[in-house]
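Remarks on the structure that follows.
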């Protein structure tokens, strides 16, 4: 869980994450918050919670990278510290991983069937543009590349090195998962987006960076250096041995 100045929401999110039967540990990376985020987390008395602190604000990507490095359990889900994504959706996120169909699961805000708060039209246009562009370069058919909810087998995360500091981490992860040949599933999730007045942080510059990342990590001569996916039978054999 990357967190930056989320004192107003993080305790409620933590409680929801810890209430999920799928939660074995919660690694929170505070990214140099200037509010009471750290104090709120420190007040949580649950041994599953681990707080890591970045000395200065480096960006969501940097916080996610550190969280991935510290994760200890077999499966990892990225969870924002605001209230836009609901941990109640972990069940559908985890199902393709637990039954052996998937190595990576994307939670799509655009697949039908889940409630969504109605907000910015141009954000949705930008998201669909970036998803389409990413799909063209990776040859995937995702509906929501920019989603926060991405779940992984931990072995997948050991197959590549992430570099992006901010929101460019989303197209970078997507490109490297695609390049590794991992089995990707997509499931519908709910979404309660927030306004800029409520603390939303992504801006147009992040969209420009996302375009650069799609080309840099997915295009010809890209920087997506990854280990190829292991055969499923081989991985299952290792887990059983």
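The values are calculated or read from the model by the stated rules, or taken from the named source; none is laboratory data. Only a predicted model underlies this, so the values are computations on that prediction, with no experimental measurement involved. No Cβ is skipped: glycine too gets one built from the backbone with ideal geometry, and neighbour counts run over all protein chains shown.
If the requirement is being farther than 29 Å from residue 54 by Cα and surrounded by 17 or more Cβ atoms within 10 Å (Cβ to Cβ), which of these qualifies: 170, 186?
Values: 170 fails: farther than 29 Å from residue 54 by Cα.
Only one candidate passes the filter, namely 186.
Considering 29, 13, the condition of being buried (at least 20 other Cβ atoms within 10 Å of the Cβ) and closer than 25 Å to residue 110 by Cβ is satisfied by 13 alone.
Test residue 156 against the criterion of being surrounded by 15 or more Cβ atoms within 10 Å (Cβ to Cβ), in contact with a strand residue (DSSP E or B) (Cβ under 9 Å, 6 or more places away or on another chain), modelled with pLDDT of 90 or more and not in a strand (DSSP E or B), and give yes or no. Yes, satisfied. Is it the case, given these coordinates, that residue 42 is surrounded by 18 or more Cβ atoms within 10 Å (Cβ to Cβ) and farther than 28 Å from residue 103 by Cα? In short, no.
Please work out if residue 69 is within 25 Å of residue 206 (Cβ to Cβ), loosely packed, with under 15 Cβ neighbours inside 10 Å and modelled with pLDDT of 95 or more. In short, yes. With respect to (1) modelled with pLDDT of 95 or more; (2) within 15 Å of the chain's Cα centre (by Cα), the lone exception for residue 43 is condition (2).
Elements of the type strands (runs of 3 or more DSSP E) sitting completely within region 8-120 and holding at least 2 residues that are free of Cβ contacts under 8 Å to residues at least 60 places away in the same chain: these cover 26-31, 49-54.
Please find, among 174, 143, the residue that is modelled with pLDDT of 90 or more and over 18 Å from residue 64 (Cβ atoms).
Numbers: 174 fails: over 18 Å from residue 64 (Cβ atoms).
Going through 174, 143 in turn, the sole match is 143.
Between 140, 130, 162, the distinction of being part of a loop (DSSP other than H, G, I, E, B), more than 25 Å from residue 32 (Cα to Cα) and in contact with a helix residue (DSSP H, G or I) (Cβ under 9 Å, 6 or more places away or on another chain) belongs to 140 only.
Pick out the one residue from 150, 200 that is under 13 Å from the mean Cα position of the chain (by Cα) and either closer than 18 Å to residue 2 by Cβ or modelled with pLDDT under 95 (or both). None of the other options fit; the residue is 150.
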